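Only the coordinates and a few stated rules stand behind these numbers; no lab work does. Quantities reported herein were computed from a predicted structural model and do not represent experimental measurements. Please note: Cβ atoms are built from the backbone with ideal geometry, for glycine as well, and neighbour counts cover all protein chains shown.
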Amino acid sequence: MKEAVLSKYRELFGKEASSAFFAPGRVNLIGEHTDYNGGHVFPCALTIGTYAAAGKNPDGVLRLYSMNFETLGVIEAPVADLVYDKKDDWANYPKGVIRTLKNHGYTVNEGMDIVYYGNIPNSSGLSSSASIEVLTAFIAGTLFGLDLDLVEISKLTQEAENRFIGVNCGIMDQFAIAMGKKDHAIFLDTATLDYEYAPIRLEGCKIVIACSNKKRGLGDSKYNERRQECEEALAALRKELPIRTLGDLTEEEFEANRHLIGDPVKERRAKHAVYENQRTIHAVQALKEGNLRLFGELMNASHVSLRDDYEVTGIELDTLVENSWKQEGVIGSRMTGAGFGGCTVSIVQEDQIDTFIRNVGEAYLSRIGYAADFYVVEIGDGPAVL
Ligand code: GLA
């Protein structure tokens, strides 16, 4: 991969790159749709991700090329005037990041040539876009010697996604990618950004990702809609309760006050946010106590809540998860990421993985009419110079 981006760089730009770089993708184990509700999340970085070869240029231009989108060619944009342009497609992510760095006073006063190559399946919900964003900030930080730590990178790249791209995401993806640590998941309180690394010891099991291959479309607008529903539920609760976020509530406090919301749909959305946050806290506790079974049960409960109360799963993800639950050696299974398509995450006993993939794959194909893809993944580190 490293050689591939370096040699493409040489071919396109006729010189050697300064360095090759990597940033991971991520998978969230539990704590879904809690990060914009002041709750906890528990994601980890993966060993798959985005590679890049990069160097500065004296022309004041960003020249961006992706080996995943070769037909789009080299996309150029002046560093002094970076604006969103639909036709620039994926390149809006790096453009947005550089623009955001500059908005915050970081000196990026020369151009950059960058070749990207990602081995995260596209639109899979494993955060290929956040991976590009964090990677770009990391490259700029390295090439321009910026005083940028990884937490700052996660905040700035989230801002780029919110303001430049217009997706109102929380901080989970960018944080998980920037702060990734091999064989650990990150227990993050999104209200304070306090975090703790928890070792993931899976006792003869592995993390298996099933990609639904459902094309997302409406996803982003539904995402913003859920966020809005939670904000409205919170506003109604705050008329009576001294809380800042839905993450401030226990299940009992929520049950005692849910009538204040006054709308059954928003009540269910808020219920998910509150219960999922508490589930995430319990799940991490269970893992610390070596209770992988309980961790798996909480993953399953998370899916049920995302299906019934938050309504972000859909037939594809439900088919994958409900068939996963039926298989031997499955500790837990749930949708992961935003939902509406994308992936599921399952913890599966190693000696059952082949049967798991065959059975779930067949059930999915016969119900949905096209195939799912499966990946056995490892937990990796955050961004690096290679
Ligand atoms: C997407 C967003 C994250 C988070 C998840 C749902 O991945 O980018 O911020 O909200 O959905 O948990």
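Data table
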item: For PHE340: the one exception among (1) more than 16 Å from the ligand (Cβ to nearest atom); (2) surrounded by 18 or more Cβ atoms within 10 Å (Cβ to Cβ); (3) at positive phi; result: (1)
item: Candidate set from region 243-264 (those that are small (Gly, Ala, Ser) and in a helix (DSSP H, G or I)); member that is farthest from the chain's Cα centre (by Cα); result: ALA256
item: Members of region 160-187 that are more than 8 Å from the ligand (Cβ to nearest atom), of a type in the set (Gly, Ala, Ser) and in contact with a strand residue (DSSP E or B) (Cβ under 9 Å, 6 or more places away or on another chain); result: ALA176, ALA178, GLY180, ALA185
item: Residues of region 312-333 satisfying the condition of being within 16 Å of the ligand (Cβ to nearest atom) and either in contact with a strand residue (DSSP E or B) (Cβ under 6 Å, 6 or more places away or on another chain) or without any contact (Cβ under 8 Å) to a residue 24 or more places away in the chain (or both); result: THR313, LEU317, VAL321
item: Candidates THR157, THR142, filtered to the one that is in contact (Cβ under 8 Å) with a residue 60 or more places away in the chain and within 16 Å of the ligand (Cβ to nearest atom); result: THR157
item: Residue that is among the β-branched types (Val, Ile, Thr) and either more than 20 Å from HIS33 (Cβ to Cβ) or away from the ligand (no atom under 16 Å from the Cβ) (or both), where the choices are THR250, THR190; result: THR250
item: Selected residue (criterion: nearest to LEU150 (Cα to Cα)) from residues of region 1-59 that are in a loop (DSSP other than H, G, I, E, B) and away from the ligand (no atom under 16 Å from the Cβ); result: SER18
item: Matching residues in region 21-58 - criterion: being of a type in the set (Gly, Ala, Ser) and farther than 21 Å from MET179 by Cβ; result: ALA53, ALA54, GLY55
item: Any pair with Cβ under 9 angstrom, 6 or more apart, that starts in region 120-131 at a residue that is closer than 10 Å to CYS343 by Cβ and ends at one that is of a type in the set (Asp, Glu) and more than 11 Å from the ligand (Cβ to nearest atom); result: PRO121/ASP373; SER124/ASP373
item: Enumeration of residues in region 126-153 that are of a type in the set (A, V, I, L, M), under 15 Å from ALA20 (Cα atoms) and surrounded by 24 or more Cβ atoms within 10 Å (Cβ to Cβ); result: ILE132, VAL134, LEU135, ALA137, ILE139, ALA140
item: Test for GLY49: is it within 30 Å of SER302 (Cα to Cα), of a type outside the set (S, T, N, Q) and touching a residue at least 12 places away in the same chain (Cβ under 8 Å); result: yes
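For every residue, the table says whether it meets (1) touching a Leu at 6+ places or on another chain (Cβ under 8 Å); (2) within 30 Å of GLY337 (Cβ to Cβ).
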residue: LYS8; (1), (2): no, yes
residue: SER18; (1), (2): yes, no
residue: PRO24; (1), (2): yes, yes
residue: CYS44; (1), (2): yes, yes
